[in-house]
Amino acid sequence: MTVKRIGIDLAKRVFEVCGVDEREQVVLRKTLRRGKVLEFFAQLPPCLMGMEACGSAHYWARELGRLGHEVRLMAPQFVAPYRKNDKNDANDAEAICEAVGRPSMRFVPVKSEQQQAVLALHRARELLVRQRTALANHVRGLLAEFGIVVSGKGPARVCSALPGILEDGENGLPGLMREVLSDAYRRLGELDREVKAYDRKVARLARDDEVACRLMEVEGVGPLTATAVVASVGDPRMFKNGRQFAAWLGLVPRQHSSGGRSRQGRITKRGDVYLRTLLVHGARAVIRRLEKRDDARGWWVKPLLERRGFNKTTVALAAKNARILWVLMARGEHYQRGHVAPSFTEATAA
């Protein structure tokens, strides 16, 4: 039996496998327990394997790659159209086997252990930030029930207001409520210290990475964004150009064109939500400073702000930064802060 291409439907314990030969005929259908996966594929000659980019996919791609197989990962939404019948593990494996053989299919790069470790650091920090925000909002709600409203936004405002609230003996808070608030204040402090510790780790990673240092030269890109982009992208050559990278992040308009008429709507919001959020937040901070600047970026932002408003300009600048980041990674260049494209110079002179 000669297997040309294999599709693997991943799971926690039971894996479904489907393989085809040179004539595209199904010659392999097998259900494997988790402990038997590597043993089974070690006995097969090297071939092309496809998997959906889901939980544990990068681990299995690395392990099977060490056995000599060529492993390619695909987004699940690109695999679904190739499933012919009802959804089950066997049909999913067959659809994966079919999709991985398409010449126009777009693949997800396999991440190394170091890349996943950096992203795990980001995910752990993100969880702590969410817990801190949730706890602060929880405290605000509890205090509102006693007629106490904390003004200002953010967990830091709640944390700074709690000591005064606890020390005020005339605000009518019962003793039990003061104990609850005291515990919440302690936990907020712990979360804040843990978040700052992760920030220091991310900053060290950024300083030690040459690519991340070049990315941080772009306005609106700090250690968090730079290290997350480097760890998520890996090889920038998987994208043809900067616009394809921005599209991968979901920062380009959604199209619904037909009959030669182009219709564009809101941004697609596809891809990595975390990366897109970091770029948008960075762009928002930059725009607040660019309004008073007289340089290339200021000339580009000010008219756009007048025509489209703050939010759309923020997304446009985030997409622009994404394209710049791709150029810096793909070409190994440094960011030229005062650079103006020739076409832009000619247009302003005219």
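Every read-out reported here was derived from the displayed coordinates using simple, explicitly stated rules and does not represent laboratory data. Just so you know, these numbers come straight off a predicted model, no measurement behind them. Every residue, glycine as well, gets a Cβ built from its backbone with ideal geometry; the counts of neighbours run over all protein chains shown.
Amide H to amide H, which residues 5 or more places from residue 4 or on other chains are under 5 Å from it, using H placed in the peptide plane?
20, 21, 22
Treating only the Cβ of Lys, Arg, Asp and Glu as charged (+1, +1, -1, -1), what charge dipole size does the chain show about its Cα centre? Round to the nearest 20 debye. Walk me through the intermediate numbers first.
On the way: 60 positive and 39 negative charges, 185 e Å.
The dipole of the chain has a size of about 900 debye.
In whole Å, how far is the Cα centre of the range 249-279 from that of the range 142-172?
About 42 Å separates the Cα centre of the range 249-279 from the one of the range 142-172.
Along the charge dipole of the range 81-183, Cβ charges K/R +1 and D/E -1, which of 131, 155, 108 sits furthest on the positive end?
108
Got a sec to turn the phi values of the range 232-245 into Karplus ³J(HN,Hα) couplings, 6.51 cos²θ - 1.76 cosθ + 1.60 with θ = phi - 60°, whole Hz, x for Gly and Pro?
Each residue's phi maps through the Karplus curve to give 7, 7, x, 9, x, 6, 5, 9, 5, 7, x, 5, 5, 5 Hz.
Among DSSP beta bridges whose residues both lie in the chain, state the antiparallel percentage, nearest 5.
On the way: 16 of 25 bridges.
Here the share of antiparallel DSSP bridges comes out near 65 percent.
Name the long-range amide H neighbours of residue 254: under 5 Å, sequence gap of 5 or more, or other chain; modelled H, no Pro or chain starts.
So residue 254 has HN proximity to 265, 266, 267, 268.
Taking the Cα atoms only, what angle lies between the long axis of helix 57-66 and the longest principal axis of the chain, rounded to 10 degrees?
The two axes meet at around 40 degrees.
Leaving out same-chain residues fewer than 8 places away, which lysines sit with a Cα under 26 Å from that of residue 201?
111
Please work out which option in (1) 20.0, 65; (2) 23.3, 77; (3) 25.7, 84 gives Rg and Dmax of the Cα atoms in Å calculated from these coordinates, and answer with its label.
Label (3) holds the value from this structure.
Calculate one ³J(HN,Hα) per residue across the range 109-125 by plugging θ = phi - 60° into the Karplus curve 6.51 cos²θ - 1.76 cosθ + 1.60, and present them in order as whole Hz with x for glycine and proline.
For the range 109-125, the Karplus-derived couplings read x, 6, 8, 7, 4, 5, 4, 5, 5, 5, 5, 5, 4, 5, 5, 5, 5 Hz, x marking Gly and Pro.
Given the -39500 (n - 2.57) contribution per DSSP H run of 4+ residues, what per-residue ellipticity at 222 nm results for the chain, rounded to the nearest 500 deg cm²/dmol? Write out the running numbers ahead of the final one.
On the way: 14 runs with 195 residues, N = 350.
After summing the helix terms and dividing by residue count, I get -18000 deg cm²/dmol.
Counting other Cβ atoms within 10 Å, which trypsin sites (Lys or Arg not before Pro) in the range 1-109 have at most 11 and lie in a DSSP loop?
On the way: sites: 4, 5, 12, 13, 23, 29, 30, 33, 34, 36, 62, 66, 72, 83, 84, 87, 106; in loops: 4, 12, 13, 23, 83, 84, 87, 106.
The qualifying sites are 12, 13, 23, 84, 87.
Can you list the residues, at least 5 places off or on another chain, whose amide H is less than 5 Å from the amide H of residue 108, using H built in the peptide plane?
For residue 108, whose amide H was placed from the backbone, the distant partners under 5 Å are 73, 74, 75.
Kindly express, to the nearest 10 degrees and within the range 0 to 90, the angle between helix 310-331's C-alpha long axis and the longest C-alpha principal axis of the chain.
For 310-331 against the chain, the angle is about 50 degrees.
Give the angle, between 0 and 90 degrees and rounded to the nearest 10, that separates the Cα long axis of helix 175-208 from the longest principal axis of the Cα atoms of the chain.
It is inclined by approximately 60 degrees.
Place +1 on the Cβ of every Lys and Arg and -1 on the Cβ of every Asp and Glu in the chain, take the dipole about the Cα centre, and give the residue among 74, 326, 203 whose Cα lies farthest towards its positive end.
326
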